[in-house]
Structures are given as C-alpha cells and as structure tokens.
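Presented below is the structure to which this report refers.
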Amino acid sequence: MGRSKNDIWVGLFVMIGLAALVFLALRSANLLTLSFQPTYRLTAHFDNIGGLKPKAAVRSSGVVVGRVSEIGFDDERFQARITLEMDSRFHFPKDSSLKILTSGLLGEQYIGVEAGADEANLAAGDNVGSTQSAVVLENLISQFLYNSAAGGASAGGAGKAAGGAVK
C-alpha cells in the first residue's frame, strides 16, 4: 500500500516537471504568450518580410506592445499583408511607421513601431501606410560583392588605360 502511494506521488511530480519543461520551451521559442489584456488589430503591407514569423513581437522603444497575429499575401497589391494584435494600453498616432528589424546580427525578427506626431491615434482595423521592409542579409552581401567587382574592374581598366598612355 505504501509503495503504490509513493509511486503515485513520484509520477505526479514527474508529470508536473514535464509540463514545466514544455511550458518553458514554448515560452523561450516565442510560441506561447499569456496575455489577458484586450487588444486591437492593425494591418500593414510590406514589400519583403524576410524571416518574420507569426507571434513575433511588435516593439516600441524596446517594449513589447503587441504581436504579429497573421501573415498573408495580398494578391491585388503583390505585397505581404501583416496583421498585428496591439495591446489596447498602447495607442500610436496615425502617422506612425513600422519597420522590420532584427535582434542582434542574426537574431529573430520583430516589428519596430516609430511613433509619429499626428493628433489622431490608430484605431482597430486601421492600415498603417508607412512601412519599411526587412533588410535581407543575402541581398546586402550580393550587392556588396557586385559593387566590389564592378569597382575593381573599372579601377583596373582605368589603370591599364593610364599606363598605356604613359608609355
């Protein structure tokens, strides 16, 4: 009788430990958010969202003020359509702008909100017009290499031409 009672307690303790590990794993991977604050929805269109994912943070001055709820494609504008769930405690002017930023050099991507100066605030269902797409590292590297190759070829050609004229 005593042994089966101990087995039940050990099993219960192991189950609670596993549940805690799953909870921590989901929180650290940004897949679980527990917020009971009321929210309002905003939409925005971007030319390129890079590696932005649903549940990504929306931050203003480093403070999380919302989350990305949906990512889709607008086939009329041929742009990515992002739906944001903003915490109703935070209100931003209508002329605010959104940027897709990266935490660190190769960290996760999030949306940064830069507040404007308009008197009226964004309301539920509004579309944010001023957006800046993600900076894609591969595009920067290829542009750098292309510019380096073009600069090296023109400098080498100019040197040969100048050298030929001196002789």
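Computed values, structure above
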read-out	value
Residue-wise HN-Hα coupling along region 63-68, computed from phi with Karplus coefficients 6.51, -1.76, 1.60 (Hz; x: Gly, Pro)	9, 6, 10, x, 9, 6
5 angstrom amide H check on Ser60, placed H, neighbours 5+ away	Val65, Val113
Sequence-separation-based contact order of region 2-143, relative, with Cα cut under 8 Å and 6+ spacing, percent	25
Binned Cα-Cα distances of region 1-101, short to long, each 5 Å bin given as a whole percent	2, 10, 17, 16, 14, 10, 7, 5, 5, 4, 4, 3, 1, 1, 0
Stokes-Einstein diffusion coefficient of region 64-156, Kirkwood radius over Cα pairs, 25 °C, 0.890 mPa s, in µm²/s	154
In sequence order, calculated HN-Hα J values of region 135-147 (Karplus, 6.51, -1.76, 1.60; Hz; x Gly/Pro)	8, 8, 4, 5, 5, 5, 5, 5, 5, 4, 5, 5, 5
Tyr40, Tyr146, ranked by accessible area, largest first (probe 1.4 Å)	Tyr146, Tyr40
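The values are calculated or read from the model by the stated rules, or taken from the named source; none is laboratory data. All values derive from a computational prediction rather than experimental measurement. Side chains are part of the model used for accessible areas, which takes the heavy atoms of the whole protein and leaves out ligands, DNA and RNA. Shrake-Rupley method; radii C 1.70, N 1.55, O 1.52, S 1.80 Å.
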